[in-house]
């Protein structure tokens, strides 16, 4: 049951990144919105100006200044706001202040999103986390607009930040946990990416609210991310010859055990190791790799080149520090599998990435932070191209059958339909 007589939903979405921003979560939300609108639903997005790549507003958008930029689309609207981004990715206080500033602007913008064009209350407000502050903004919007809140948790915060040591101040941790519980308890539904994340979130709720936690995995666009020949233009741009390439592609943060990758590079001088991306730990990884001629760093590329970037790697790695498998699901795994490349993961047992790899036969998994096991697994795959090819094809088959964007959008539409009448 919805407020529309024709069965079309009206949805307000608050997210920190959206197309053409390059953040992985932005890619996920952009495709989810696209699929919902292809089903005939109306969506009004409130997001930031593109900023993820360099942690500052893209030069093509700086003329917007402090003004909101709202685009009317055939399916709804997109309002882009100042992200208050700072170029120092390691300054957590500055980043937190930026998220608070953006969330404040988003609250005001989202309250009016769609009102002028539709004149109806939304059927749901969806907010993506991190940051937690966006959940508070979405709760205010949901209250004002008399709509249920669906809180989409990509990573459980602050657990991941505490586990990596990114946050140590006990008052900040306490405040974050209180904020987390506040948003969870006021959400009509909390969507998570895996059963491990679901267990984590349920453990922070009263038992009567446990049913609000719903597992809806992320997806991958298998029509644009397709297997390609390894001899890509990007390989040439990076200055790589025909030797095998082991690649890490994505956010270079402190939750990833990229020291394992650098350690393996020392032991395998005849193999290229590529770190493709940026993040708060990038300078630390560069320092650790100093003097290694077989380690190459590449920058974020436009989303249109994602398939090409992934094809450049013969083997991809997903190294996550111990204990983080229950609070984070590296969405890059789906993209790697769609590209038809094998995955070597260092990640906790019994977690979603391990199950994906085991179910598909698309790679190898080892215990987190085990440098010797990680290097051995890489050697096995890199030195057996036939095995690597079989793994890549198996990985591709699994995501083609299980990770459809359309099915995920349908799951969200069905969930919204069940939320009618919720009062948070």
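Under a Gaussian network description of the chain, with springs only between Cα atoms under 10 Å, the residue in 167, 150, 262 that fluctuates furthest is 167. With both residues required to sit in the chain, DSSP beta bridges show an antiparallel share near 15%. Modelled label positions at residue 54 and residue 386, each set 7 Å beyond Cα in the direction of Cβ, lie 4.9 nm from each other. Computed extension length for residue 166-residue 209: 12.5 nm, one decimal, from 0.36 nm per residue of separation with the Cα-Cα distance subtracted. Working note: 222 nm ellipticity from helices only, DSSP H runs with n ≥ 4, each -39,500 (n - 2.57), summed and divided by the residues of the chain, gives -12000 deg cm²/dmol to the nearest 500. Tell me the relative contact order for the chain as a rounded percent, counting alpha carbon contacts under 8 Å between residues six or more apart. For the chain, the relative contact order is 15 percent.
Note on 234, 412: ascending count of other Cβ atoms within 10 Å places them as 234, 412, the fewest first. Which log10 I(q)/I(0) values does the stretch 233-402 give at q = 0.08, 0.13, 0.17 Å⁻¹ under the Debye formula, counting every alpha carbon as one identical point scatterer? Each listed q maps to, in turn, -0.20, -0.55, -1.01. Working from label points 7 Å from Cα in the Cα-to-Cβ sense, the residue 287 to residue 224 distance is 3.7 nm. Measure nothing but the geometry: give the 0 to 90° angle between the long axis through the Cα atoms of 92-112 and the longest principal axis through the Cα atoms of the chain, rounded to 10°. The two axes meet at around 40 degrees. Annotation: the antiparallel percentage among DSSP beta bridges lying fully within the stretch 233-402 is about 5. In nm, to one decimal, how far is the residue 121 label point from the residue 299 one, both placed 7 Å along Cα→Cβ? Placing both labels 7 Å along Cα→Cβ, they lie 4.8 nm apart.
Note on the stretch 325-389 and the stretch 260-279: Cα centroid distance 16 Å, given to the nearest whole angstrom. For the listed peptides 243-251, 380-388, a ranking on the average number of other beta carbons within 10 Å per residue, highest first, reads 243-251, 380-388. Computed from Cα positions, the angle between helix 258-267 and the longest principal axis of the chain comes to roughly 10 degrees. Against the set [x] 29, 25, 23; [y] 36, 22, 22; [z] 48, 27, 22, the structure's computed semi-axes √(5λ) of the Cα gyration tensor in Å falls on [y].
Mean separation of Cα pairs under 8 Å and 6+ residues apart, divided by the residue count of the stretch 233-402: what relative contact order is that in percent? Once normalised by length, the contact order is 22 percent.
Against the main long axis of the alpha-carbon atoms of the chain, helix 371-382 sits at an angle near 80°.
Considering only 114, 98, 203, the mean-square fluctuation computed in a Gaussian network model of the chain, springs between alpha carbons under 10 angstrom, is largest for 203.
FYI, it's all coordinate maths here, none of it is from the lab. Keep in mind it's a predicted model, so treat the numbers as computed, not measured. Neighbour counts are summed over all protein chains in view; Cβ atoms, including those assigned to glycine, are modelled from backbone coordinates with ideal geometry.
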